[in-house]
Amino acid sequence: MKKVLLVGNFGAQNKGDELILQGLLTLCGDLKLEPSVVSHNPKKTADEYTVPSIARLPIGFRSLFTFSWIKTLKEFRRSDYVILGGGGLFVDRFRRAVMLWGIHGLAAILFRKPLIMIGHSFEIKKRSSRFIVKFLCGRARMIAVRDEASLKFLQKINISGEKCFLFPDIGFLGFSDLEISRKPVLGITLCKWGLSLDGLEAISDFIKYVLDDGIREVRLFPFQVGRDDDRVIFKRLLKLNPDKRIKIINYDDPEFISLFQECAFVLGMRLHSILLAFALQIPFTAIAYQSKIVHSVADFGLDEYCVPVNSFTSRNLCDCFERAQRDKTYFSKHSEYQSKMADLTRQVRGRL
């Protein structure tokens with residue numbers, strides 16, 4: 001069995017990235033590849049997914065002198081393929097991250113390992129970041145992006161269209177087969193990026209409205225904990241609205257996805273919460289704090305269910321909620337993840 005090294009922002013306490021890893025592991029099973037994983041927390045990743053896991057390559061002096069990178073380079077050398085995936089690894093606002101993942105892609109190239117990039121979205125404006133992305137994509141065997149804007153970006157930097165494909169986020173492989181069981185529950189995902197006090201107050205007022213209009217419980221889902229902890233903004237929200245029917249779900253709760261799936265409506269800032277809602281056919285409204293959210297919702301044909309961060313009122317959110325309750329079949333008929341994932345498997349197999 002051939003070996004593949006999976007590289008991404010894994011083990012960093014980000015629910016979206018962990019969903020991507022689960023999808024990639026499922027893909028490896030379909031392709032009969034033996035995976036190992038580069039992780040921020042190798043022990044946790046190895047324990048959780050029962051796969052060999054090694055540390056990231058260093059980007060600073062502190063990580064350089066741990067010498068863990070020696071084992072990582074050995075894993076690059078012994079692997080037959082390298083999959084770099086996915087999410088928003090290449091976003092200008094996180095310049096250090098662009099350099100970090102660029103180093104991992106460079107390692108695959110230097111060891112002459114076929115590089116496959118899956119599930120990416122690009123938000124690149126700086127010349128240095130553009131150079132890194134163009135270098136990697138120019139040498140990759142295949143690049144699967146998750147929105148039209150990223151596909152156009154690759155065309156703009158003259159990456160061959162023959163190896164570029166548009167596919168849904170790899171993180172939701174198989175979720176469309178889950179049994180749907182809805183409850184009168186509102187799900188909310190927030191992050192600190194750009195959300196003002198006025199925006200938080202509008203969300204608080206929206207919660208008061210839905211709790212008076214048939215919703216019995218509000219669940220706050222932290223898609224990121226640790227360094228960039230969503231629970232910080234949730235606690236600020238609870239100070240504005242201390243209603244006991246509002247609950248923060250534990251990030252490590254084994255029922256996290258099941259609890260999310262029960263929601264009748266999702267108000268989300270985290271992109272993977274919106275993608276998960278779409279895959280599970282849950283009506284949603286997205287709060288766009290990054291262009292990748294705007295692009296993804298536009299690709300669904302659901303632009304009217306996306307509001308810019310801090311440019312919305314509680315009335316805007318209530319209107320979206322009311323419209324979505326009447327429009328449930330519209331959401332469900334747009335969910336086609338499973339058939340597209342089968343196509344992704346076929347495309348990757350053809351590049352191995």
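Within region 150-191, the residues that satisfy the criterion of being under 26 Å from GLY8 (Cβ atoms) and modelled with pLDDT under 85 are PHE167, PRO168, ASP169, ILE170, GLY171, PHE172, LEU173, GLY174, PHE175, SER176, ASP177, LEU178.
In summary, SER150 fulfils each of the numbered conditions (1) outside the structural domain of ILE109 (by TED's automatic domain parsing); (2) buried (at least 22 other Cβ atoms within 10 Å of the Cβ) with the single exception of condition (1).
Restricting attention to region 300-352, the residues that are buried (at least 18 other Cβ atoms within 10 Å of the Cβ) and modelled with pLDDT under 85 add up to 7.
Screening region 112-125 for residues that are in a strand (DSSP E or B) and among the β-branched types (Val, Ile, Thr) and picking the one that is farthest from GLY23 (Cα to Cα) gives ILE116. Against the conditions (1) polar (S, T, N, Q); (2) farther than 29 Å from LYS2 by Cβ; (3) surrounded by 15 or more Cβ atoms within 10 Å (Cβ to Cβ), SER121 satisfies every one except (2). Does any residue of region 166-185 turn out to be farther than 27 Å from VAL307 by Cα and charged (D, E, K, R)? Checking region 166-185: at least one residue is farther than 27 Å from VAL307 by Cα and charged (D, E, K, R).
The values are calculated or read from the model by the stated rules, or taken from the named source; none is laboratory data. Quick caveat: nothing in here was measured; it's all calculated off a predicted structure. All Cβ positions, glycine included, derive from the backbone under ideal geometry; neighbour counts span all protein chains shown.
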